[in-house]
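Heads up: the structure comes next, in structure tokens.
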Amino acid sequence: MALRVVSVLKRRLGGPGQKLLRSGNLLSATQHRWEKMPSSVGFPVTSRRSFSKTALIVDVDHNLGIATMKMNNPPVNSLSLELLTNFVIDLEKLENEKRCRGLIITSASPKIFSAGLDITEMYGKSSAHYAEFWKAVQELWLKLYMSNMVVIAAINGSSPAGGCLISLAGDYRIMADNPKYTIGLNETLLGIVAPFWFKDTLVNTIGNRASEHALQLGLLFSPTDALRVGIVDQVVPEDKVQDTALNVMSRWLSIPDHARQLTKTMMRKPTVDRLLKQREADIKNFVSFISRDSIQKSLHMYMKHLKERKE
């Protein structure tokens with residue numbers, strides 16, 4: 001992975017660096033400047049393309065160098081094996097888009113960013129299926145956490161468990177200011193233990209003591225509390241989440257790519273290396289754990305509870 005990162009960085013060293021914007025509307029100023037760039041830079045005045053699958057909608061704006069990915073897996077954007085696989089494929093496509101320097105991840109469903117891992121993928125299936133599913137979860141985290149793009153989570157709804165992990169894997173998190181929305185790694189409430197790399201990601205974000213407290217109790221934070229503890233970086237009115245993400249992105253993209261990417265690698269590589277060294281063991285541990293009768297029973301009761309609530 002380190003060699004791949006260095007290779008990508010070398011290809012991008014020649015890309016146009018952006019100076020820090022000092023005043024005015026960051027988005028409009030950046031867009032104006034990019035539109036004034038010489039045509040040799042390769043950014044047409046209007047260049048936009050979309051590609052989508054059933055559960056993901058991806059829009060790439062080449063003028064801004066920004067892609068927006070919307071999870072579209074109603075009703076709660078559960079992270080199924082199919083969605084995880086398509087997520088990784090689309091991330092790889094975007095990484096290969098030389099003009100795409102930033103990614104905003106959000107939800108197409110109102111009130112929910114992502115409810116996390118699809119429980120049905122972890123209940124009543126074979127060991128081989130559990131292994132395939134968990135490897136896909138690992139792969140998504142690895143791709144997001146070490147992405148060469150600037151990744152911003154525009155959290156426009158609740159984001160528990162795996163939804164929180166996706167948010168934490170980004171570079172910056174903006175959450176809608178609605179007290180009904182929550183975010184956190186609440187695995188213990190389901191009788192499940194968050195794996196060490198979930199824990200490491202949270203510790204890297206909010207520190208050891210706050211993480212221990214949150215993980216043991218399976219805490220779900222309101223936007224205000226999430227901002228206080230540091231799980232999110234900014235809380236804004238619900239109708240301002242996307243615009244704020246674009247404005248924040250313009251500041252991040254004003255930093256020369258190679259310097260930002262190398263710094264990101266320096267900060268995150270030790271955490272990634274820990275999983276890579278133990279990846280197969282982590283899969284085996286997950287399969288063994290999720291296959292236990294007690295865990296299957298706990299998941300069955302949780303699914304039954306969800307079904308009763310819908311009725």
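Sub-7 Å Cβ pairs linking a first residue in segment 187-210 that is under 17 Å from PRO270 (Cβ atoms) to a second residue that is outside any helix (DSSP H, G or I) and of a type in the set (D, E, K, R), at least 6 apart or interchain, number zero.
Would segment 233-247 turn up any residue that is in a loop (DSSP other than H, G, I, E, B) and crowded, with 16+ Cβ neighbours inside 10 Å? Yes, there is a match, as at least one residue in segment 233-247 is in a loop (DSSP other than H, G, I, E, B) and crowded, with 16+ Cβ neighbours inside 10 Å.
Checked against (1) crowded, with 22+ Cβ neighbours inside 10 Å; (2) more than 29 Å from LEU253 (Cα to Cα); (3) at pLDDT below 95, LEU64 passes all but a single condition, namely (2).
Quick check on this structure: which one of SER114, SER80, SER107 is more than 13 Å from the chain's Cα centre (by Cα), of a type in the set (Gly, Ala, Ser) and modelled with pLDDT of 95 or more?
Every option except SER80 fails the conditions.
Just one residue in the set TRP197, TRP252 is crowded, with 18+ Cβ neighbours inside 10 Å and either of a type outside the set (Ser, Thr, Tyr) or at negative phi (or both); that residue is TRP197. All of PHE113, PHE87 fail the test of being in contact with a helix residue (DSSP H, G or I) (Cβ under 9 Å, 6 or more places away or on another chain), crowded, with 22+ Cβ neighbours inside 10 Å and over 19 Å from MET249 (Cβ atoms), apart from PHE87. Would you confirm whether or not segment 253-271 contains a residue that is at pLDDT below 95, in a helix (DSSP H, G or I) and more than 19 Å from the chain's Cα centre (by Cα)? Within segment 253-271, none of the residues are at pLDDT below 95, in a helix (DSSP H, G or I) and more than 19 Å from the chain's Cα centre (by Cα).
Checking each residue in segment 44-61 for being farther than 12 Å from ALA108 by Cβ, surrounded by 19 or more Cβ atoms within 10 Å (Cβ to Cβ) and either modelled with pLDDT under 60 or of a type in the set (Val, Ile, Thr) (or both) picks out only VAL60. Checking VAL151, VAL137, VAL203 one by one, the residue that is within 18 Å of the chain's Cα centre (by Cα), modelled with pLDDT of 95 or more and surrounded by 24 or more Cβ atoms within 10 Å (Cβ to Cβ) is VAL151 and no other.
Of everything in segment 272-302 that is outside any loop (DSSP other than H, G, I, E, B) and polar (S, T, N, Q), the residue that is nearest to LEU202 (Cα to Cα) is ASN285. Applying the set (1) surrounded by fewer than 18 Cβ atoms within 10 Å (Cβ to Cβ); (2) among the aliphatic types (A, V, I, L, M); (3) part of a helix (DSSP H, G or I) to LEU215 leaves exactly one unmet item: (1).
The values are calculated or read from the model by the stated rules, or taken from the named source; none is laboratory data. This structure is a prediction, so every number in the text was calculated from the model and none was measured. For neighbour counting, all protein chains shown are included, and Cβ atoms are generated from backbone atoms with ideal geometry for every residue, glycine included.
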